[in-house]
Structure formats: structure tokens, C-alpha cells
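Note sheet for the following structure.
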Amino acid sequence: MQTVVLASAIAAIAVLVAGAAVAPFVRAAAETEARGSLATLADLTTTYVERGELRGAGGPLPRPLRQILRREQVTGYLVSSDIAPPPGVSEQDVEKLAAGESISASSKREAGEPVLIEGRPIGGGSGIVLVQPLAVAGEASGFFLIRIILALALGLLIAVVIAYFAARRLSRPLRAARVVAHEMAEGRRDQTLEPRGPAEVADIAEALNALGAALVVSEGRQRDFLLSVSHELRTPLTAVKGYGEALSEEMVPAPEIPAVGSIVASEAQRLDRLVNDLLDLARLGAVDFHFDLADIDARDVITDAGLVWQDRSAREQVTFEIAVPEGPVMVRADAWRLRQIIDNLAENALRVSPEGSAIVLELHDDASIAGGPFAAVEVRDSGPGLSPDDREVAFEPGALHERFRGVRPVGTGLGLALVARLASGMGGLATVTSNQPGGTSFWVRVPRVPSDVQ
């Protein structure tokens, strides 16, 4: 209804503006037409007078001419310089006629009535003057104005009818879109819209359908993620709870207490890492990570991380090897973030590495391998590897988790996305390649410190 009212109001305003703009032109045209008709009558009357039909005892003007003059409310005067001018005619006008000049002017009678004047000389210092009230021309303009107003009113009526049907055509799909949007806001994701109406309105329906599909996918990933995290949290929590109760009830023999404490500490470390993954998930939606960039020796970070992962890999019957150059490898990076990258890559590698296999953590300082002014950190495993399609989406959040869930061991699906984000934040990049005969290599390149600065 509001659309109809708005469209009708716009049409009414257009009609009013058009009427106001046309009215002066109609009046001017009517006056011009009246002046032309009066000039024609003046010429015709002068012709009869010059023939002598009104001089002396001549007869009156022909009856048709008299009828026309009477109908048009025209008053005729015979003027000369020795006769007082008629109402509305000035002495200057009489002098022009006496001098043989025609006159065409507007004036006012004594009562203030505006009139049109046409005069023609007839010789001998005299002339014929025809006077017509301007209101006669106004009657003609009023007639034309009425016709224009009727035409504009008809146009307004047609515009209102068109606006009504156009508004219905527009409002129906928009109301349907509003209903679907409210239902989607209430959590119902099975609602779809049939694109109807003009292209712009149909685009809204298609956009809502796309939004609904995207929400289904997003909420499905969130649900799967929460299920995965809850499952991984439950295992260490159960262990910590069980060993804690056993220690509190003094059910663990004294010689075994250190081993139990080590297990509790290890499970607590797993919980801490899962919590950090959840925090990292929140940071993925933030503007950016905070980085404390400094000039560091990448070998120190590699060595410290390698010692930790050698011990942990040994417990999984997996060999963890470290390879670093002999001399310093100075890079401009955040040591904590670089360690976080290595931990994520090592966690993924260990998860897919079978017993008896090996994981290699290697630091490359050769420009031909690192790809320019970078140092490259490589984590190489002997797992099942990734296909070309898998490698294309390896660093997208949850992509590999979605593909390999139930097929091979998977984590929360965030580790590799964090690796790419952290590498980019330090001015580097993360890539992945396949090994022969099997396995995968993840590469993280970080900028090296220029040699003239070292």
C-alpha cells in the first residue's frame, strides 16, 4: 500500500508541476491568438471603411462582420486628432494613426479593465481603432486550461492504476522474501524462494537462497567442529579425572606416582593445546594476529622444537629427525609464532605417520631451495600423502578435516589454516608438496635478514 501511495504522490506532484508550467504558456498563446484575431478584424474593418461604406451616408458594416465583432466583444472607434480619444486609447496612439502608422498595444480602461488595442490609419488624419477586453482571451485560455487539466487528471488516474499493479508485482516477492528472512533468522534453513518479479527483486530471492545454503554449510562445519573438539576434550579429561581420583584416594602405589604425574601432565598439555586451538579459532575471525618481529637465528627455534617432538614421537614409535645448517640462519620473524607453526606441522605429521616411519624437520638456507631471500622450514612425513586437489585446499579452514574425517586421523581442521595465516603475517608464505614414494612436505618460508644488516 505504501508503494501505491508513494507512486501516486509522485504522479500527482508531476501533474501539478506540469500544470503550473503549462498555464503561463497557455495564457500567452491565447493572448497571442486573440491579438492576431483582433488584428485580422481591424484589417477587415479598415478595408470596408476605406471603400467609403461607413463615410457620409454610407451604410453600416456588413452584418457578418458586425456579428463577429459583437460576439468577440470588440468595440470600434473612428478617431482623429480633433476628437477626444476613446477609453483605453492614448493620445500618442491617435497621433500615430494620424501620422499613418498602425498600432497594436495593450492598455487599461478607466475602470482598470485590461484591453487589447488594434488601430489602422484610413487617411486624412483619422483611423479605425478596435478595442477588445483581455478577459475574452482569458476565456479561451481557460477553456484550454480545463482541457489540459482534464488530460492531466486522466493521466494521474492511469498512473495510479499502473502504480497499483506495479506495486503488487513488486511487493509480492518482497513480502515472500521478508517471510523467508524471518524464518531463517529463527533457525529454519529449509526455506527457499522462487525468483520472481523484476530482475532486481529476483536477485534478492537468489541472494537469500545463496545465504541459506551458505548458512547450512557453515553451521554444519561448526557442528562437526564442536563434535570433534568435544570428543578430543573428553579423552584427556577422563584420564586426568581418573588419575586425579586415584591419587586422591591413595590408590596409586608410591613408586608409580611419578609416572602417573607424567601422564596427568601430558594429558593436561593436550587439553591446553585444544584450548589454544579454540582461541585460535576466535582469532581467525579477528583483523590480524599480533607479531613481535625480530632478527633471530632460526636454528635455535628449530632445535628447541625438535627436542620436544623427538621425545613425543618416540612414544608413538616414530623417528623425528632434525637437520639444520652449520652456520647461523638469521631471519626476521616472531620466534613464538615460528614455533607455533612448527608445532602445528609436527602435530599433523605425527598424526598421519605410521609406527616405524620418520618425520624430518629441516631448515633450508639455500636460496635455490628456499625460493629467494627466504629461509625455508620443511616438515616432511611418510604418511598417506595428499592428492593435487587436496593440496589446493590444504590451508583452508576445515577443508581437509571435512574430506578425511572417518578415513584417516584428523584434528580440528584449523592447524594448517593457522600456519598459512601466521606465515603470511611474518611476510612469508606456506606451501605443500608431495614426496616420493609417499608422504607430504609442508614448507614455510620466512624472510631472511639482509647480509649487510647481519
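Of the residues making up region 230-268, those that are at pLDDT below 75 and either touching a Pro at 6+ places or on another chain (Cβ under 9 Å) or among the acidic types (Asp, Glu) (or both) are 232, 266, 267. The set of residues in region 208-229 being at pLDDT 75 or above, in contact with a Leu (Cβ under 8 Å, 6 or more places away or on another chain) and aliphatic (A, V, I, L, M) consists of 208 alone. Restricting region 330-339 to residues that are aliphatic (A, V, I, L, M) and crowded, with 21+ Cβ neighbours inside 10 Å, the residue that is nearest to residue 370 (Cα to Cα) is 331.
Scanning region 361-395 for residues that are in contact with a Leu (Cβ under 8 Å, 6 or more places away or on another chain) and farther than 22 Å from residue 320 by Cα turns up 390, 393, 394, 395. Only one of the numbered conditions (1) at pLDDT below 80; (2) assigned to a loop (DSSP other than H, G, I, E, B) is violated by residue 386, and that is (1). Annotation: of all residues in region 398-452 being aromatic (Phe, Trp, Tyr) and modelled with pLDDT of 75 or more, the one that is surrounded by the most Cβ atoms within 10 Å (Cβ to Cβ) is 442. Note on region 363-374: residues that are without any contact (Cβ under 8 Å) to a residue 60 or more places away in the chain and part of a strand (DSSP E or B) total 1. Residue 116 fails exactly one of the following numbered conditions: (1) at positive phi; (2) not in a loop (DSSP other than H, G, I, E, B). What is the number of that condition? Condition not satisfied by residue 116: (1).
Does region 18-34 contain at least one residue that is modelled with pLDDT of 70 or more, over 30 Å from residue 169 (Cβ atoms), in contact with a strand residue (DSSP E or B) (Cβ under 9 Å, 6 or more places away or on another chain) and not polar (S, T, N, Q)? Checked region 18-34: at least one residue is modelled with pLDDT of 70 or more, over 30 Å from residue 169 (Cβ atoms), in contact with a strand residue (DSSP E or B) (Cβ under 9 Å, 6 or more places away or on another chain) and not polar (S, T, N, Q).
For region 338-354, does any single residue satisfy the condition of being outside any loop (DSSP other than H, G, I, E, B), under 17 Å from residue 422 (Cβ atoms) and of a type in the set (Val, Ile, Thr)? Scanning region 338-354 turns up at least one residue that is outside any loop (DSSP other than H, G, I, E, B), under 17 Å from residue 422 (Cβ atoms) and of a type in the set (Val, Ile, Thr). If I go through region 103-150 residue by residue, how many of them are of a type in the set (Asp, Glu) and at pLDDT 75 or above? Adding up the residues that qualify gives 2. Starting from residues that are under 16 Å from residue 426 (Cα atoms) and β-branched (Val, Ile, Thr), keep the ones in region 330-386 and report whichever is nearest to the chain's Cα centre (by Cα). The residue in question is 341. One residue stands out among those in region 299-337 that are closer than 18 Å to residue 420 by Cβ and among the hydrophobic types (A, V, I, L, M, F, W, C): the one that is modelled with the lowest pLDDT, which is 336. Residue count for region 165-193 under the criterion of being closer than 19 Å to residue 214 by Cα and touching a helix residue (DSSP H, G or I) at 6+ places or on another chain (Cβ under 7 Å): the result is 8.
The values are calculated or read from the model by the stated rules, or taken from the named source; none is laboratory data. All values reported here derive from a predicted model rather than from experimental measurement. Using ideal geometry, Cβ is built from the backbone for each residue, glycine included, and neighbour counts are taken over all protein chains shown.
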